[in-house]
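**Student:** A single structure is presented below for examination.
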Amino acid sequence: NLSSLDGDTIAAIATAPGRGGVGIVRLSGPRARAIGEHLCGKGLTPRHAHFCHFSDGGGQLLDSGIALYFPAPNSFTGEDVVELQGHGGPVILDLLLRECAVAGARNARPGEFSERAFLNDKLDLAQAEAIADLINSTTEQAARSATRSLQGAFSREIDELVAAVTRLRVYVEAAIDFPEEEIDFLADGKVAEQVTALEAQLQGVLRQARQGSLLQEGMKLVIAGRPNAGKSSLLNALAGQDTAIVTPIEGTTRDVLREHIQIDGMPLHIVDTAGLRESADAVEQEGIRRAWQEMASADRILLVVDGSSPDADTASAALWPEKDERLGAELPVTVIHNKADLSGREPAVLRQGDDVIIELSALTGAGMDLLREHLKQCMGYSESAGGSFSARRRHLEALEEAARFLAAGQAQLDEAGAGELLAEDLRQCHNALGRITGAISSDELLGEIFSSFCIGK
Ligand code: GDP
Ligand code: ZN
């Protein structure tokens, strides 16, 4: 009876739910091979494709297909791994998975295969996250950058930063250990030079990481304005032709519509809100309340005004007195003067103080290219820099924290020549960087990261 053996072996359906030509059940752990051989009814040779009849313990045939065995440590997880490739139907795969459980495997938690790969040093944390980002990518550019992160492009940048911080720490701490020489050590300018070089290096990585994170998370754009200003037309114009609709999702109310599109590879999440106006109607009031809520979390708001109406110039101001009290003064707003075909104005980007106004026509499409360019500019998105590697908000925060400690350390050095304080700041900087690749991690952090993965990954 296999189920009485010891060990923690996990199993999951690795292919997407639904029907397909092939479906895969994956096993990882010390008993993966025994369970695989139990189902296949024969011995499994490492790294060979075996054609097998998968049967349950009573000898009942479940399916036939291919079995693969990858012995530890040369497998994805670093443990013994067996893959059973059967027919891709949900019932068949469930039967196979159930038989794995009968034979002693436990159902894997989301991301548990990747987590084991991380714990066995097959991948670092940023690479493991890149797997999930690759699977979740919504544009080609996002997928390419995630692949590069998975190959270690981002991790190598971090490792180089860590190596530089380590060299500096050794130097500074040696200086502290020989107090009679500390002053000379720190005053000879070499340390200050290295801190400055490190800062430049860190800022460079941070810039790339911002692009990488934008590619994964995208820009949130909210379209607001009075009824009939042309909000829905603008949404359609943005989503049409030059841009590909990835997944249109109907909002939960009739008043908020969401579209996911891309501009030159930058994912854009667009929310078309209900018209903003005073209303006694309860449903409409709810729509308006949601519109304000969406605006509060937007990267940019397009305030659409009917540019052909006589009060176009004051219309946005009239809508806007509420904004300060509702959202605070710093709102990223671009005013769209729509219906340029009616107003007779040339498509253009105009600046009035801090405000940007774009003249365009959602109906004819004139000026839409100006809007697309403007949106890329707002996010600092450039196609060429866009693809070096993928990153997450978590990584940006860690990099920013590392940069803060480095700047603080430099200030200590400049003002007080304080070696001990610089050493402490460098240690903190090192810690922040270590969290990115998982050299420093907690169960809590790992739980948070891997629980968002899909099962079987
Ligand atoms: P919303 O209520 O703000 O979503 O406005 P709609 O997009 O539904 O548009 C209201 C009306 O204005 C429709 O009849 C549109 O065809 C028209 N419209 C929208 N944009 C333009 C434009 O650029 N030029 C012209 N001439 N009409 C427009
Ligand atoms: Zn509309």
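**Student:** Among the residues of region 104-114, is there at least one that is among the aliphatic types (A, V, I, L, M) and either more than 15 Å from Ile10 (Cα to Cα) or out of contact with any strand residue (DSSP E or B) (no Cβ under 7 Å at 6 or more places or on another chain) (or both)? Lay out the reasoning, then the answer.
**Tutor:** So in region 104-114, the residues among the aliphatic types (A, V, I, L, M) come out as 105, 108.
Filter once more, so that each one left must be either more than 15 Å from Ile10 (Cα to Cα) or out of contact with any strand residue (DSSP E or B) (no Cβ under 7 Å at 6 or more places or on another chain) (or both): none.
Within region 104-114, not a single residue is among the aliphatic types (A, V, I, L, M) and either more than 15 Å from Ile10 (Cα to Cα) or out of contact with any strand residue (DSSP E or B) (no Cβ under 7 Å at 6 or more places or on another chain) (or both).
**Student:** Return only the number of the condition from (1) more than 25 Å from the chain's Cα centre (by Cα); (2) assigned to a helix (DSSP H, G or I) that Glu400 does not satisfy.
**Tutor:** The one condition Glu400 does not meet is (1).
**Student:** Let me ask something else about it. Name the pairs whose Cβ atoms lie under 6 Å apart, with the first residue in region 215-230 and more than 20 Å from Gly265 (Cα to Cα) and open to solvent by less than 10 Å² (accessible area, probe 1.4 Å), the second charged (D, E, K, R) and not in a helix (DSSP H, G or I), and 6 or more positions between them or separate chains?
**Tutor:** Ile223/Asp272; Ala229/Asp306
**Student:** Since Val25 meets every condition but one in (1) touching a Cys at 6+ places or on another chain (Cβ under 9 Å); (2) loosely packed, with under 13 Cβ neighbours inside 10 Å; (3) of a type in the set (A, V, I, L, M), which condition does it not meet?
**Tutor:** (2)
**Student:** What about Leu84, is it open to solvent by less than 10 Å² (accessible area, probe 1.4 Å), farther than 28 Å from Cys52 by Cβ and in contact (Cβ under 8 Å) with a residue 12 or more places away in the chain? Steps first, answer last, please.
**Tutor:** Numbers: open to solvent by less than 10 Å² (accessible area, probe 1.4 Å): yes; farther than 28 Å from Cys52 by Cβ: no; in contact (Cβ under 8 Å) with a residue 12 or more places away in the chain: yes.
When the stated conditions are applied, Leu84 does not pass them.
**Student:** Looking at (1) outside any helix (DSSP H, G or I); (2) touching a residue at least 60 places away in the same chain (Cβ under 8 Å), which is the one condition that is false for Ile440?
**Tutor:** (2)
**Student:** Being charged (D, E, K, R), open to solvent by 60 Å² or more (accessible area, probe 1.4 Å) and modelled with pLDDT under 95 is the filter here; which residues of region 149-170 pass it?
**Tutor:** Step one: filter region 149-170 for residues charged (D, E, K, R), giving 156-157, 159-160, 167, 169.
From what's left, open to solvent by 60 Å² or more (accessible area, probe 1.4 Å): 156, 159-160, 167.
Hit for region 149-170 is Arg167, nothing else.
**Student:** If you go through region 184-237 one residue at a time, how many are assigned to a helix (DSSP H, G or I), farther than 27 Å from Arg148 by Cβ and in contact with a strand residue (DSSP E or B) (Cβ under 8 Å, 6 or more places away or on another chain)?
**Tutor:** Going residue by residue through region 184-237, those that are assigned to a helix (DSSP H, G or I) are 184-187, 190-217, 231-237.
Right, trim to farther than 27 Å from Arg148 by Cβ and you get 184-187, 190-196, 231-237.
With in contact with a strand residue (DSSP E or B) (Cβ under 8 Å, 6 or more places away or on another chain) added as a condition, the list becomes 231-235.
Here the count works out to 5.
A quick yes/no check of all residues on (1) open to solvent by 20 Å² or more (accessible area, probe 1.4 Å); (2) over 12 Å from Ser213 (Cα atoms); (3) under 17 Å from the mean Cα position of the chain (by Cα):
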{"site": "Cys378", "(1), (2), (3)": "yes, yes, no"}
{"site": "Arg392", "(1), (2), (3)": "yes, no, yes"}
{"site": "His395", "(1), (2), (3)": "no, no, yes"}
{"site": "Gly409", "(1), (2), (3)": "no, yes, no"}
{"site": "Gly419", "(1), (2), (3)": "no, yes, no"}
{"site": "Glu424", "(1), (2), (3)": "yes, yes, no"}
{"site": "Arg427", "(1), (2), (3)": "yes, yes, no"}
{"site": "Ala432", "(1), (2), (3)": "no, yes, no"}
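**Student:** Only residues that are within 31 Å of the chain's Cα centre (by Cα) and open to solvent by 20 Å² or more (accessible area, probe 1.4 Å): list them for region 69-81, please. Talk me through it step by step, then tell me what you get.
**Tutor:** Let us first name the residues in region 69-81 that are within 31 Å of the chain's Cα centre (by Cα), namely 70, 72-81.
Listed by number, the residues that qualify are Phe70, Ala72, Pro73, Asn74, Phe76, Glu79, Asp80.
To keep it simple, each residue is scored yes or no on (1) acidic (Asp, Glu); (2) modelled with pLDDT of 85 or more.
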position	(1), (2)
Ala385	no, no
Ser388	no, no
Arg393	no, yes
Glu397	yes, yes
Ala416	no, no
Leu421	no, yes
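**Student:** Something else: Of Ala163, Ala224, Ala130, Ala200, which residue is within 30 Å of Lys457 (Cβ to Cβ) and of a type in the set (Gly, Ala, Ser)?
**Tutor:** Working: Ala163 fails: within 30 Å of Lys457 (Cβ to Cβ); Ala224 fails: within 30 Å of Lys457 (Cβ to Cβ); Ala200 fails: within 30 Å of Lys457 (Cβ to Cβ).
Sole residue among the options that is within 30 Å of Lys457 (Cβ to Cβ) and of a type in the set (Gly, Ala, Ser): Ala130.
**Student:** Separate question: Please list, ordered by residue number, the strands (runs of 3 or more DSSP E) wholly in region 1-69 having 1 or more residues that are modelled with pLDDT under 95. Outline the logic, then answer.
**Tutor:** Details: elements: 10-13, 20-28, 50-55.
Result: 20-28.
The values are calculated or read from the model by the stated rules, or taken from the named source; none is laboratory data. None of these values were measured; they are calculated from a predicted model. Glycine gets a Cβ as well: all are built from the backbone with ideal geometry, and neighbour counts include every protein chain shown. All accessible areas refer to the heavy atoms of the entire protein, side chains included, with ligands and DNA or RNA removed. Shrake-Rupley method; radii C 1.70, N 1.55, O 1.52, S 1.80 Å.
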